[in-house]
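What follows is calculated from the coordinates using simple rules that are stated; it is not laboratory data. No experiment lies behind these values; they were computed from the predicted model shown. We place every Cβ from the backbone using ideal geometry, glycine too, and count neighbours over all the protein chains shown.
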Amino acid sequence: MTTKQTPKKTNARIENRRTVYEGRIFRLELDRVHLPSGHSVDMEVIRHPGSVVLLPMPSPHEIILIRQYRYTIDNWIWELPAGSLKPNENPDEAAARECEEEIGLVPGRVERLRAFYPTPGFCDEEMIFYRCSELRAPDANSTAQKDEDEDLEPRTFTLLEARRLLERGEIVDLKTAVGLGLV
């Protein structure tokens, strides 16, 4: 199920497309594009299935962040739980699945807040933000598991504490900064 926001159509057209790399998370394409300005240029585009970003809220004044090691910046950071959509996955269902996998709690309520393109200059990933509330322990027969590459430490903060982490520069993740601005 595609949820991407519908962009305005232009008279840009693809003259040629070549897949340079295809991995488990994204695909890199090199497009030769004829732009509305009349110029033809090569554009490198990362194609991403989209993702969900969670704002797990045990109460109206609390939020759960995860501390996670991020290899790309070789650091442990505090961030909102998030995950990529699986092929044809409904984003609402993905939000509930990721909540259980990343913080070990099942949301009774999943509310879509907003969607953003974090890097539209070179990537088509759409991040859909969800407030997850009415959190409870999973059923005994649950099969939810963290991804193999995840080492996560969930922790509950008051919203004030989380915003202070952001103000002090202790939150460096953009999706988390945006998400905290939504609640």
When the helix-only estimate is applied to the chain (DSSP H runs of n ≥ 4, each -39,500 (n - 2.57), divided by the residue count), what is the mean residue ellipticity at 222 nm, nearest 500 deg cm²/dmol?
-5000 deg cm²/dmol
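Sorted by packing (mean other beta-carbon atoms within 10 Å per residue), highest first, where do 105-112, 34-41 land?
105-112, 34-41
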Indicate the gyration tensor shape class of segment 51-181 (rounded, prolate or oblate), computed on the Cα atoms with a ≥ b ≥ c the square roots of the eigenvalues: a/c under 1.5 is rounded; otherwise a/b larger than b/c is prolate and the rest oblate.
rounded
